[in-house]
1. Using Cα positions and a limit of under 26 Å, work out the lysines in reach of Lys314, with same-chain residues fewer than 8 apart set aside.
2. Please report Leu14, Leu293 as a ranked list, fewest other C-beta atoms within 10 angstrom at the top and most at the bottom.
3. Taking other Cβ within 10 Å of each residue's Cβ, how do Lys196, Lys211, Lys41 sort, fewest first?
4. Using 0.36 nm times the number of residues separating Ser194 and Trp313, minus their current alpha carbon distance, what extension gain do you get?
5. What nm distance separates the two modelled labels at Thr210 and Ser101, each placed 7 Å from Cα along Cα→Cβ?
6. Quick one: length gained pulling Gln152 to Ser6 fully straight, 0.36 nm per residue minus the C-alpha distance?
7. Considering the zone a paramagnetic label at Ser42 would reach in this model (a point 7 Å from Cα along the Cα-to-Cβ line), which residues of the stretch 48-92 have amide N under 20 Å from it?
8. Among Ile182, Met216, Pro263, whose Cα lies farthest out toward the positive end of the dipole of the stretch 151-271, if unit charges sit on the beta carbon of Lys, Arg (+1) and Asp, Glu (-1)?
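Laboratory data are not the source of any read-out in this text; all were calculated from the coordinates shown. Model, not experiment: these values are computed from the prediction. Virtual Cβ from ideal backbone geometry, glycine too; neighbours counted across all protein chains shown.
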Amino acid sequence: MFVARSIAADHKDLIHDVSYDFHGRRMATCSSDQSVKVWDKSDDGEWHCTASWKTHSGSVWRVTWAHPEFGQVLASCSFDRTAAVWEEIVGESNDKQRGLSHWIKRTTLVDSRTSVTDVKFAPKHMGLVLATCSADGVVRIYEAPDVMNLSQWSLQHEISCKLSCSCISWNPSSSRAHPPMIAVGSDDNNVTYSGKVQIYEYNENTRKYTKAETLMTVTDPVHDIAFAPNLGRSFHVLAIATKDVRIFKLIPLRRESTTSSGPTKFEVQVMAQFDSHNSQVWRVSWNITSTLLASSGDDGCVRLWKANYMDNWKCTGILRGDGSPVNGSSVQGAALGAVGSGGAQTQNSVVGAASAGRKKAQLMPG
């Protein structure tokens, strides 16, 4: 049986995002109260707030962790048109703060003219690379050339998506057969624009990102998007949160030698589509093996989706925002990933914060 646990997050306004670190032992939350909080999981399974600070001068939409290979590093983005990078510093032995940690701002990224709606670190094999997207329809990709100096970031790419951007997801595949790839979702309300999800791929020859695919069947505003972890697959799996939950399979087509310089062409298949939330879906997130997808929506529930051996996806569990199971549904905790922007590594899931925003975070320990 799978149970939920409530955390008194003590944010003064709506919580917009929850993110786990790589190991699932730390968690960050962000809110319209302009703050970010960091939580650490103790040995007894309890979560304790170890840091809280004002990060921006507007609502903080997203917070995300870098890979721990680069230290304890967070990025946040806000309605104030900026993104920021934060690093945890542990006090030196001669410091009166000895052994105590504090978070300091390493840089502010100020290129956007409008609200910065999402921020994501690239897979670690690409180095310390950060992507942002904005309501101005531009995805910006930054790189820290010296990972020991996080105050220096250079803008490497600007991708114009034509539609206001709401969310981004890096393809995590480290296969040489798969160039760096980023998916972008738009929450544009104009129904005359179809294709609210665009996929861009890095071209080694031109050293630019070019559009490889547009998912024309996605016509409603997109709130979240998540590539599944790729454990040696030749194809890619992408989950989308819109007015329902959709799972797409992107199968790279074999290149003809004459067109080898262009972006990869894909066969796009819809693997699954669920409207069980009967409302807007706000977050989707995979577990580390990409066998389980969690989604949260305005119905106040987290729903868990799993494929059987025939590749048919079914709901395997439902939990309400207050943590109570629906219709006695139970889930094996060991299989569960996180709902929130990061932490597919962890066996905890977040309900309340990942929905339209609550002042308490709901945890479901595995």
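1. Answer for Lys314, where 26 Å is the Cα cut-off: Lys196, Lys243, Lys249, Lys306, listed by chain and number.
2. Values: Leu14 15, Leu293 26.
Least to most surrounded, the residues fall as Leu14, Leu293.
3. So the ranking, lowest neighbour count to highest, is Lys211, Lys41, Lys196.
4. Working it through step by step, the gained length comes to 40.3 nm.
5. 4.3 nm
6. 48.7 nm
7. Under cut-off, by backbone N: 48-52.
8. The residue sitting farthest along the positive end of the dipole is Pro263.
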